[in-house]
Each structure stands twice: as structure tokens, then as C-alpha cells.
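The values are calculated or read from the model by the stated rules, or taken from the named source; none is laboratory data. All figures in this text were calculated on a predicted structure; none of them were measured in a lab. Every residue, glycine as well, gets a Cβ built from its backbone with ideal geometry; the counts of neighbours run over all protein chains shown. Keep in mind that these areas ignore ligands, DNA and RNA; they rest on the heavy atoms of the full protein, side chains included. Shrake-Rupley method; radii C 1.70, N 1.55, O 1.52, S 1.80 Å.
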Amino acid sequence: MATAARAVELAVVHALRERTGGVAGGRVVVLVGAGNNGGDGLYAAAGLARRGVGVHVLTTSEHPQAGGLAALRGGTARLVPLAQAWPAQALRAVADAVGPADVVVDAVAGTGVTGGLRGVAATVVAATREAVEAAPRPPVVVAVDVPSGIGVDDGALPGDVLPADVTVTMGVAKPGLLLPPATVCAGRVEVVDLGLDLTRRTPAAARLTDADVADLWPVPHREDHKYSRGVLGVVAGSDRYPGAAVLATSAAAPLAGMVRYVGPDGAARHVLDARPEVVVGSGRVQAWVVGPGVGDDDTARLRDVRRALAEGLGTVPVVVDAGALLALPERVAPTAVLTPHAGELARLLSAWGRSTSRADVEADPVGAARRAVSFTGATVLLKGATTLVVGPSEEGVAGSSDGTGTVYAQADGTDWLATAGAGDVLAGVLGALLAGRSADVMAHPPLAARLAAAAALVHGRAARAASAGGPLVALDVARAVPGVVATLLAPPLRTGPGGRMPG
Ligand SMILES: NC(=O)C1=CN([C@@H]2O[C@H](COP(=O)(O)OP(=O)(O)OC[C@H]3O[C@@H](n4cnc5c(N)ncnc54)[C@H](O)[C@@H]3O)[C@@H](O)[C@H]2O)[C@H](O)CC1
């Protein structure tokens, strides 16, 4: 508890310095519940008071953690017990304290709560949220371990939650901090190292970092040639949607050893205008992308899709996108990566006899993605503001009870990425990555999920680079991809002794 409380205290100190330029004299409200989460809040409050911070501790339980209460005693923190107050008095106390505060610490509840907050805790959290939103200069909100009341294991939002700017979480990022919808309430997540050995546990949810992606990315060696680096076959675009072919191949061409394009002459001309490096026509490939820009009623193009699926599935990794999704056989291996958005996933699940609307998928994206994995055996990448990737659980490794593995939740992009053609670019990036690691994926199919998450990270970062805070088009994202990969792969600049760069 001492380590956790100290980390919370330091996060508040940092927030105060950023906001006020100092620490002493800052105004902090700490909301404290009954359990150990509240205990962390109490110890942090005691530490802040010793630094000269003006601390209000608002308790939602009649029995806050005893050790933490003892730590407060004799100090300057003001204790305001809300559990015994009349509701109107309690709400006034919240509004009076929170309105002028610089920082609010949410230590109402942590991992000990399921199914949303109840009673005084729920009322106080709702009132605090209102007061934060109404404040002329809203305080910084620091959550202890998790924003109180989120679904810690599944990312649900079953009731009132105070959205945090920073979550200081203990030991490991809980799934609820990464998974939608709760992930939007977590803010920046800082993990406190408690020295736990987590190597033998399969996390329910994870998020790849830049370093993870750098480790996964295939880097050419001196002996490499275009074929050994991986050839990607792309069945994309149609007379109606030629742009999808251009976007998928433009994203893939710089990353793969070679891209072969299979499609109608008109689209092929556009592809070659944009990327003369692309080879038109079929041939041996180490991975396929099938479906971008192919309508599910386009008989001629679906013939190419089915041919590529028949040739690729089970032999090489295959990205199955857009129009190809409904052409998928009933069962496939995890080396097939489906890349639907919420509407496409709803259609797929409905086609498999589980009537599902887009709203259903949006309400429970993790559950919907897991169901698609259970039905097909494929790896599923569900596109969204937080892109989710999940595949079957690894043999011999404990996963979810439905036979699915870790959910990767990547939130690396920008809202500007919600634009036509962005998915075609992602398909190209993912296809090229799978082509480059084709033999590894076929030897160890669960790798497909990590690579799909890596592609989502690169795609998101490329969008941020292309956007620079403003609007973008999908081709800008494709153009930004090589620079993002270069940055991820660049060795970190280290300063030598005395702060000088090593020569
Ligand atoms: N290694 C560790 O696990 C560490 C954990 N730390 C912190 O401790 C919490 C978990 O503590 P715990 O006491 O088990 O649970 P909570 O603090 O979440 O509170 C439980 C408490 O809340 C009340 N309660 C239960 N359900 C509800 C509800 N629906 N609405 C309102 N109130 C509810 C009930 O009275 C319970 O007693 C973890 O998250 C960390 O923050 C450490 O500090 C570090 C080590």
C-alpha cells in the first residue's frame, strides 16, 4: 500500500506543478471509499498534507481503512465524512470542495467492486462528475488503480464513473483500463511496478507498445532479396471502387518485398499510376489481402476473392476484409485475420445465425469479437476508435472460457482517422507485415493476433503523423507509414556519461 500511495502522491504533485507551478498551497480533494483503494487515497492525502497541500478528504463509507485514517491524524488534511451526512449536505460538501480544487483523487473503489457503484459512493461520484464539469477551470482527475465503478475485467460502464485524466494503476494495467467503453474514462495510464511476477499469466487484455512493435517488425538483412522479404498478393478494388486497390497497395508496397495486384484493368492502371513498383497479375505470394473495395454482390470480383481464399487459407496468412468477409468458409485457422468494422461484424454474426445489430456490437465490442473468433477459428481485428484484436487461445495456455485469447486493445490513432479508405490502408499494412513474417505465423498461428495489433498501432501512429492535429485523407496515412516504421525501429538516443551523446 505504501508504494501505491506514494505513486498516487507523486502523480498529484506532478499535476499540481503543471497546473499551478508549485505544490504547497495547491488544493486537492481526495474521495475515499471503504476498501484498500480508499486506504491508498488516505495515505496519499497524508503525504500531500505534509507537503503543505490543502487537502479535503471526503469519505463515502463510515469505516474507511484504519491505517490510512491513522496516517491522517495530527496532520492538516480536513476530513469530511459524507456517509453520515444528509444527502443534500453531502452534495453541497462535494460541490464546495470540488469546484475550486486543482486536483481530485478518485479513491472510492478499485478492484473490489463489481457491477457498478451503489449507495453513497455512486451519489458522490455522480456529484463530483457534475462539479468537475461545471467548474470554470476543471480540476485534474487522478484515479487510483481504476476509475471507481468501471468493469475492471471487461471494460463495462455499468453506472456512474468519474472520467480520469490520469489513472495510477497498481502492478498491471487492468483489462477495464484498455477495453471500450471504459477505456475512455481512464485517461493516461501509469502502471506502478509492485514487483509482481506476471510472466506466467495470460492477460485478458493487453496493449502493444512501440517497443513491442519494434520487436515484431521484420527488418531486412544483407542476404535478403525481394522474395525472401515477403510477397503480398492483393485482391482489392473494382470498377466501382478502384481507390481501395490504390490505397491497400500504396500502404503495402514500401513494407513488403513485392506486391502483386489482382484486379480489373481499370483499377490496375490506377494502381500502377500511384505505385509503379506493384506487379500486376497472380503468382507465388507469402500472404494475401482479399476484399477491400469488393462489393459483396460483385460476382466477377468475388471469383478472384474465392480463388485467393482457396489458394491462401491454411497455406499462408490471409487478411479477409470488406467484400470477402461473407465469402469465408465456415471454419478457418487463426492465420486468417478478419478485419471488419462494427457494421460488418454485425452482418457476419447475423449471417452465422446470431442476429446482431451494429448497436449490439458497439455496446459489447469485446464480446462480439470473441464470438466471431469462436464461430470461425479466425483471428479477428475489429476496427474502431479502440481497435480490438483477438484470436483463439494458445494451446496449453489458459485463456477465456470461450476458447479465445488475450484481447489486444490499440488506441493509437486520432478521431480524424474516421475517413473513407482508412481501412484499406490498414489492410495493406497488415498484409505486408504478415507477408514479412509468413513462415513464423504459419509455424505459430497465435502470432497473427500480435502482428494484427502491431499493424493497428502503426496505422494509428501514421494517422497521427498525417493529421498533425487536423484533417487528413487515407492516402496521407499510407504515405506516413514508412516514416512511422523508421521511427519505431530507430535505436533510442542514449546520452553517455556526463549527458554527452556517445561518439
Ligand atoms: N496487490 C494489490 O492487490 C494491491 C491493491 N491495492 C489497492 O486495493 C484495491 C482493492 O482493494 P479492496 O479492498 O479489495 O477493494 P476496493 O478498495 O475496491 O473496495 C471494496 C470496498 O468497497 C465497497 N463496495 C463494494 N461494492 C461496492 C459497490 N458496488 N458500490 C460501492 N461500494 C462498494 C465495500 O465496502 C468494499 O469493502 C485495488 O484496487 C488497489 O487500489 C493496493 O493499494 C496495492 C496492492
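Before moving on, here are some points about what is shown:
- Accessible-area composition of the chain, carbon plus sulfur, in percent [1.4 Å probe]: 52
- THR487-ARG307 FRET efficiency (beta carbon distance; Förster radius 45 Å; 0.05 resolution): 0.75
- Inter-label distance, ALA85 to ASP296: 5.5 nm, where each label sits 7 Å from its Cα along the C-beta direction.
- Amide H contacts of VAL105 (H built 1.01 Å from N, under 5 Å, at least 5 apart or other chain): VAL29, VAL30, LEU31, VAL142
- Global geometry of the range 210-489, whether rounded, prolate or oblate, following the gyration tensor of its Cα atoms and the 1.5 cut on a/c: rounded
- Residue (of GLY35, THR183, HIS14) at the positive-pole extreme of the range 2-199, dipole from beta-carbon charges: HIS14
- The range 117-131 - phi-based ³J(HN,Hα) in whole Hz, Karplus 6.51/-1.76/1.60, Gly and Pro as x: 6, 10, x, 4, 4, 5, 5, 5, 5, 4, 5, 5, 4, 4, 5
- Residues with amide H under 5 Å from that of MET170, placed H, sequence gap 5 or more: ASP145, VAL192
- Cα-based helix-to-principal-axis angle, 242-252 vs the chain, degrees rounded to 10: 70
- Within the assembled protein chains, the solvent-accessible surface assigned to THR335 is about 10 Å², based on a 1.4 Å probe.
- Neighbours of VAL189 by Cβ distance under 13 Å: Lys/Arg scored +1, Asp/Glu scored -1, total 0.
- For the pair ARG284 and TRP352, a Förster radius of 35 Å applied to the C-beta separation gives a FRET efficiency near 0.60, rounded to the nearest 0.05.
- Only the Cβ atoms of Lys and Arg (+1) and of Asp and Glu (-1) were treated as charged; on that basis the dipole of the range 52-169 about its Cα centre amounts to roughly 400 debye.
- Added length on full extension, which subtracts the Cα-Cα distance from 0.36 nm per residue, LEU326 to THR202: 41.5 nm
- Residue-wise HN-Hα couplings along the range 337-351, as the Karplus relation 6.51 cos²θ - 1.76 cosθ + 1.60 with θ = phi - 60° gives them from phi, are 10, 7, 10, x, 8, 4, x, 5, 5, 4, 4, 5, 4, 5, 5 Hz; Gly and Pro carry x.
- Assigned charges on the beta-carbon of Lys, Arg, Asp, Glu; the range 199-341 dipole about Cα centre (debye): 320
- For VAL407, the residues whose modelled amide H falls within less than 5 Å of its own, excluding neighbours fewer than 5 places apart on the same chain, are ALA205, ALA206.
- Backbone N within the range 31-74 under 20 Å of label point (7 Å from ALA24 Cα along the Cβ vector): 45-56, 74
- Distance from the range 131-204 to the range 306-353 (C-alpha centre basis), Å: 34
- Phi angles across the range 214-228 convert, under the Karplus curve 6.51 cos²θ - 1.76 cosθ + 1.60 with θ = phi - 60°, into 3J(HN,Hα) values of 4, 5, 7, 6, x, 10, x, 10, 4, 7, 5, 9, 4, 6, 5 Hz, Gly and Pro given as x.
- Rounded FRET efficiency, nearest 0.05, which uses the C-beta distance separating ALA468 from ASP440 and R0 of 51 Å: 0.90
- Charge dipole of the range 210-489 about the Cα centre (unit charges at C-beta), most positive-ward option of THR404, PRO220, GLY263: GLY263
- Spin-label model, HIS221/ARG6: points 7 Å from Cα along the beta carbon direction are separated by 4.5 nm.
- Spin-label pair LEU194/ARG92, simplified geometry with 7 Å Cα→Cβ offset, distance in nm: 4.0
- Top positive-direction residue, dipole computed over the chain with Cβ charges, set ALA439, VAL373, LEU388: ALA439
- Taking the centroid of alpha carbons for each part, the range 1-30 and the range 208-241 are 45 Å apart.
- Pairwise centroid distance, computed over Cα atoms, of the range 102-122 with the range 275-302, Å: 51
- Each Lys and Arg adds +1 at its Cβ and each Asp and Glu adds -1 at its Cβ; summed about the Cα centre, the chain shows a dipole of about 740 debye.
- For the chain: accessible area per residue (Å², 1.4 Å): 44
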